[in-house]
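K.L.:
This is the structure I want to talk about, given as structure tokens.
The values are calculated or read from the model by the stated rules, or taken from the named source; none is laboratory data. This is a predicted model, so every value here is computed, not measured. Note: ideal-geometry Cβ built from the backbone for every residue, glycine included; neighbour counts use all protein chains shown. Only protein heavy atoms, including side chains, enter the accessible area calculation; ligands, DNA and RNA are left aside. Shrake-Rupley method; radii C 1.70, N 1.55, O 1.52, S 1.80 Å.
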Amino acid sequence: MSVLVGEDDVNDKIRSSYPSSEDAMSFLFNAGNGEIQWCFSQVKGALDDDVTEADIVSCVEFNDDGEFLATGDKGGRVVIFSRDKDKDESKDFPSRKGEYSVYSTFQSHEPEFDYLKSLEIEEKINKIKWLKRKNPAHFLLSTNDKTIKLWRVSEKDFKVEGFNIKDGCRDPSSITSVSVPRVVQTSNTVEASLRRVFANAHTYHINSISVNSDQETYLSADDLRINLWNLEITDQSFNIVDIKPANMEELTEVITASEFHPSSCNLFVYSSSKGTIRLCDMRAAALCDKHSKLFDEPEDPTNRSFFSEIISSISDVKFSYSGRYMVSRDYLSIKVWDLHMETRPIECYPVHEYLRSKLCSLYENDCIFDKFECCWNGTDTAIMTGSYNNFFRVFDRNLKKDYTLEASREIAKPKTILKPRKVGTTPKRKKDEIGVDCLDFSKKILHTAWHPKENIIAVAATNNLYIFQDKC
């Protein structure tokens, strides 16, 4: 481990972000220490087999209070849903607290062509990140492979009429009198306006963006570099991590995900395809080419195989809300790390261990390279991630229990309770089990999000967005 600043300094910074004992006692995931029952709330998108590539959901993100939910798709569109407050506050709808309606839809990115490199740039939205709300308007960042954009989404209940000349619609010589434009009251509309474009800073595909706790800067990461931006400056960024070797033939790993600490603005982490996580402190040097902490679990030599390096690659890493822990997702498992212990994770949960015997076929159909995301609940007591066959996994850290649930059209009925699913690995299966060979690997849940304050989850399944809530 290479230490650039005193390890005690980093630990003190981490410790200062711990929740109070009162906050730690809050327990959203279990009511009265009992197991939560998830029930269907809503599904967005057409429930049919004819799926257009552009309609496939590519990212899901709640805002900081959970009242708004944003999704991006492969067609470059951003759809924002707002929580239906009328139903939430009405006693007539006690079980519909997890209902969201379309608030705004806009085209964030268009397909481009890099003529210098003869390369097509897809419009697919890779990530969306909300900024904390400071006024009635909402601000969010969206990115495709190369360009990050800052959007302002606001409500408008007026328009200006009576212009003498606007957009060249009238010939100035035909005007005989001058009128004063006036403000006219209209029905409430939502308007999305582009405020900033952050471009030309990444040679490789952007895989992560993360807003700093100071709400003034953010980072963007691609395969080999991480850049630091100021939200007010579009033509300049600072390179804070660069792992590109002088000779590309010596390249052994790439950056897979990166995120700022939720409360310490100088700390951030990034994960790699080698299964390691590095914690960096920007107080130590302008270029964080040396980490403050390295989180790595040595591989068991007895489990070494041709696929070991591929399945150990970390596809996502997220800080807990308290800042004390991290969760990381590799192909077969999800791990919880304590920032004070680098040698091994404090918890490790198998996500779909039954696929270990299928790695050869998963390699042939490229599924082994799928990038699954993970997320925390609002009190850091549960974690969630996706799997195949439209299954998603929920792990209760307090009860030490895990659940396999399914997002499918069969359960798309109000108040339908989700029944745990089981995957059988033996020829003789129980009645409620599904065999490994029967799993549909074209149906995969890569993107999930958990409401920051309540038991409401959003799960992206191909072109559909499923919303579930705890049973009322």
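K.L.:
Only one residue in ALA382, ALA458, ALA449 is more than 25 Å from GLY275 (Cα to Cα), in contact (Cβ under 8 Å) with a residue 40 or more places away in the chain and out of contact with any Pro (no Cβ under 8 Å at 6 or more places or on another chain). Which one?
P.N.:
Values: ALA382 fails: more than 25 Å from GLY275 (Cα to Cα); ALA449 fails: more than 25 Å from GLY275 (Cα to Cα).
Answer to the selection: ALA458.
K.L.:
Go through the stretch 143-228 and tell me which strands (runs of 3 or more DSSP E), entirely inside it, have 2 or more residues that are open to solvent by 60 Å² or more (accessible area, probe 1.4 Å) and in contact (Cβ under 8 Å) with a residue 12 or more places away in the chain.
P.N.:
148-161, 182-198
K.L.:
Right, next: Open to solvent by less than 20 Å² (accessible area, probe 1.4 Å) and either out of contact with any Lys or Arg (no Cβ under 9 Å at 6 or more places or on another chain) or under 21 Å from THR425 (Cβ atoms) (or both): is that true of TYR331 in this structure?
P.N.:
Answer is yes for this residue.
K.L.:
May I pose another question? Given the criterion polar (S, T, N, Q) and touching a helix residue (DSSP H, G or I) at 6+ places or on another chain (Cβ under 6 Å), identify the matching residue among THR404, THR385, THR425.
P.N.:
Working: THR404 fails: touching a helix residue (DSSP H, G or I) at 6+ places or on another chain (Cβ under 6 Å); THR385 fails: touching a helix residue (DSSP H, G or I) at 6+ places or on another chain (Cβ under 6 Å).
Just one listed residue meets the conditions, THR425.
K.L.:
Taking the stretch 420-446, which residues are of a type in the set (Asp, Glu) and open to solvent by 80 Å² or more (accessible area, probe 1.4 Å)?
P.N.:
ASP432, ASP437
K.L.:
If I filter the stretch 329-341 for residues that are in a loop (DSSP other than H, G, I, E, B), of a type in the set (Lys, Arg), at negative phi and in contact (Cβ under 8 Å) with a residue 24 or more places away in the chain, do I get at least one hit?
P.N.:
Our first condition is that a residue be in a loop (DSSP other than H, G, I, E, B); within the stretch 329-341, this holds for 330-332, 339-341.
Those left that are additionally of a type in the set (Lys, Arg): none.
The answer is no, given that none of the residues of the stretch 329-341 is in a loop (DSSP other than H, G, I, E, B), of a type in the set (Lys, Arg), at negative phi and in contact (Cβ under 8 Å) with a residue 24 or more places away in the chain.
K.L.:
Would you kindly identify the strands (runs of 3 or more DSSP E) lying entirely within the stretch 53-118 that contain at least 3 residues that are of a type outside the set (Lys, Arg) and modelled with pLDDT of 95 or more?
P.N.:
Output list reads 57-62, 68-73, 77-83, 100-107.
K.L.:
May I ask you to list pairs of residues, at least six apart or on different chains, whose Cβ atoms are under 8 Å apart, with the first in the stretch 347-370 being over 17 Å from LYS335 (Cα atoms) and the second being among the basic types (Lys, Arg)?
P.N.:
Close Cβ pairs satisfying both conditions: CYS367/LYS444; ASP370/LYS444.
K.L.:
Of the numbered conditions (1) over 27 Å from PHE441 (Cα atoms); (2) buried (at least 17 other Cβ atoms within 10 Å of the Cβ), LYS415 fails exactly one; give the number of that condition.
P.N.:
For LYS415, the failing item is (2).
K.L.:
Which one is nearest to SER328 (Cα to Cα), of the residues in the stretch 299-309 that are assigned to a loop (DSSP other than H, G, I, E, B) and touching a residue at least 12 places away in the same chain (Cβ under 8 Å)? Reasoning before the result, please.
P.N.:
Initial filter on the stretch 299-309 (assigned to a loop (DSSP other than H, G, I, E, B)): 299-300, 304-307.
If we keep only those that are touching a residue at least 12 places away in the same chain (Cβ under 8 Å) too, we end up with 299, 305, 307.
Working: GLU299: 16, SER305: 21, PHE307: 19 Å.
Ranking the qualifying residues of the stretch 299-309, first place goes to GLU299.
K.L.:
Okay, next question. Looking only at residues in the stretch 453-464 that are touching a strand residue (DSSP E or B) at 6+ places or on another chain (Cβ under 6 Å) and surrounded by fewer than 23 Cβ atoms within 10 Å (Cβ to Cβ), which one is farthest from VAL102 (Cα to Cα)?
P.N.:
ASN455
K.L.:
Looking at SER322, SER305, SER273, SER263, which one is in contact with a strand residue (DSSP E or B) (Cβ under 6 Å, 6 or more places away or on another chain) and among the small types (Gly, Ala, Ser)?
P.N.:
Details: SER322 fails: in contact with a strand residue (DSSP E or B) (Cβ under 6 Å, 6 or more places away or on another chain); SER305 fails: in contact with a strand residue (DSSP E or B) (Cβ under 6 Å, 6 or more places away or on another chain); SER263 fails: in contact with a strand residue (DSSP E or B) (Cβ under 6 Å, 6 or more places away or on another chain).
None of the other options fit; the residue is SER273.
K.L.:
Which of (1) open to solvent by less than 40 Å² (accessible area, probe 1.4 Å); (2) at pLDDT below 95; (3) acidic (Asp, Glu) does ASP380 not meet, given it meets every other one?
P.N.:
(2) is the only condition that ASP380 fails.
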